[in-house]
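The values are calculated or read from the model by the stated rules, or taken from the named source; none is laboratory data. From a predicted model like this one, the values you see are computed outputs, not experimental measurements. Heads up, the Cβs are rebuilt from the backbone with ideal geometry, glycines too, and the neighbour counts pull from every protein chain shown.
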Amino acid sequence: MSQPIPFADTNFKLAVVQELMYVQNLLPRFDLREYAAEQGFTYDDNDFGAVPEALAYFEALAVPAELAEKVTELQMDGGNEIYLEIAPGWDGEDSLFDVDEFADLRHFPDLKSMTLLYTGNQEALEALRARGIEADWL
């Protein structure tokens, strides 16, 4: 296995992991209920915030560099499975998973399309488009 991708932004990493884990099935699927049972912790299904243990799991998850070329499109949506596994009660109405920094793009030269959770940062959107990425708000 190659070196893991050194992500600078956890929320960008989550968008990538959503694509690789839940869309393309290239990473083992994370299931919060199973993980909580294995690790012996409980959480509140109705809590809007991130379950610390789930967030820590994804922060520590190594994404092999050879998978970077498989990422050609990212769809950030409040209903994405990864967000609901991390924060089961999240309603998408806050900035919990927003991405405004795109330093990690350097790892994904084949990324052609991104749909972003709305942040209002038009400058970020224009910067993505200037890199040749078809980018828009959700």
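Filter region 72-88 for residues that are of a type in the set (G, A, S) and either touching a helix residue (DSSP H, G or I) at 6+ places or on another chain (Cβ under 7 Å) or modelled with pLDDT under 95 (or both) and give the result. Spell out how you get there, then give the answer.
So the first thing to find is which residues in region 72-88 are of a type in the set (G, A, S), and the list is 78-79, 87.
G78, G79 - these are the residues of region 72-88 that are of a type in the set (G, A, S) and either touching a helix residue (DSSP H, G or I) at 6+ places or on another chain (Cβ under 7 Å) or modelled with pLDDT under 95 (or both).
Has region 75-86 got at least one residue that is in contact (Cβ under 8 Å) with a residue 24 or more places away in the chain, among the β-branched types (V, I, T), more than 24 Å from Q3 (Cβ to Cβ) and touching a Phe, Trp or Tyr at 6+ places or on another chain (Cβ under 7 Å)?
Yes, region 75-86 contains a residue that is in contact (Cβ under 8 Å) with a residue 24 or more places away in the chain, among the β-branched types (V, I, T), more than 24 Å from Q3 (Cβ to Cβ) and touching a Phe, Trp or Tyr at 6+ places or on another chain (Cβ under 7 Å).
Any chance you could count how many residues in region 1-42 are of a type in the set (S, T, Y), part of a helix (DSSP H, G or I) and within 19 Å of L105 (Cα to Cα)?
Of the residues in region 1-42, 1 are of a type in the set (S, T, Y), part of a helix (DSSP H, G or I) and within 19 Å of L105 (Cα to Cα).
For region 25-58, how many residues meet the condition of being under 22 Å from D98 (Cα atoms) and touching a Lys or Arg at 6+ places or on another chain (Cβ under 8 Å)?
Here the count works out to 1.
Could you list all residues from region 71-98 that are surrounded by 14 or more Cβ atoms within 10 Å (Cβ to Cβ) and either farther than 24 Å from Q39 by Cβ or in contact with a strand residue (DSSP E or B) (Cβ under 7 Å, 6 or more places away or on another chain) (or both)?
Correct list: V71, E73, L74, Q75, M76, D77, G78, G92, D98.
Anything in region 104-128 that is among the small types (G, A, S) and surrounded by 13 or more Cβ atoms within 10 Å (Cβ to Cβ)? List them, or say none.
S113, A124, A127 - these are the residues of region 104-128 that are among the small types (G, A, S) and surrounded by 13 or more Cβ atoms within 10 Å (Cβ to Cβ).
Going by what's in this entry, would L32 be described as touching an Asp or Glu at 6+ places or on another chain (Cβ under 7 Å) and more than 28 Å from R129 (Cβ to Cβ)?
Criteria met by L32.
For the condition of a type in the set (G, A, S) and at pLDDT 95 or above, what is the one hit in A124, A60?
Numbers: A124 fails: at pLDDT 95 or above.
The conditions single out A60.
Name the pairs whose Cβ atoms lie under 9 Å apart, with the first residue in region 51-63 and closer than 15 Å to E38 by Cβ, the second surrounded by fewer than 16 Cβ atoms within 10 Å (Cβ to Cβ) and modelled with pLDDT under 95, and 6 or more positions between them or separate chains?
V51/D44
Would you mention how many residues in region 50-70 are part of a helix (DSSP H, G or I) and closer than 26 Å to G89 by Cα?
9
Here is a check on your reading of the model: is E101 more than 21 Å from W137 (Cβ to Cβ) and either of a type in the set (D, E, K, R) or surrounded by fewer than 18 Cβ atoms within 10 Å (Cβ to Cβ) (or both)? Don't jump to the end; show me each part of the working.
Working: more than 21 Å from W137 (Cβ to Cβ): no; either of a type in the set (D, E, K, R) or surrounded by fewer than 18 Cβ atoms within 10 Å (Cβ to Cβ) (or both): yes.
Judged against the criteria, E101 is not a match.
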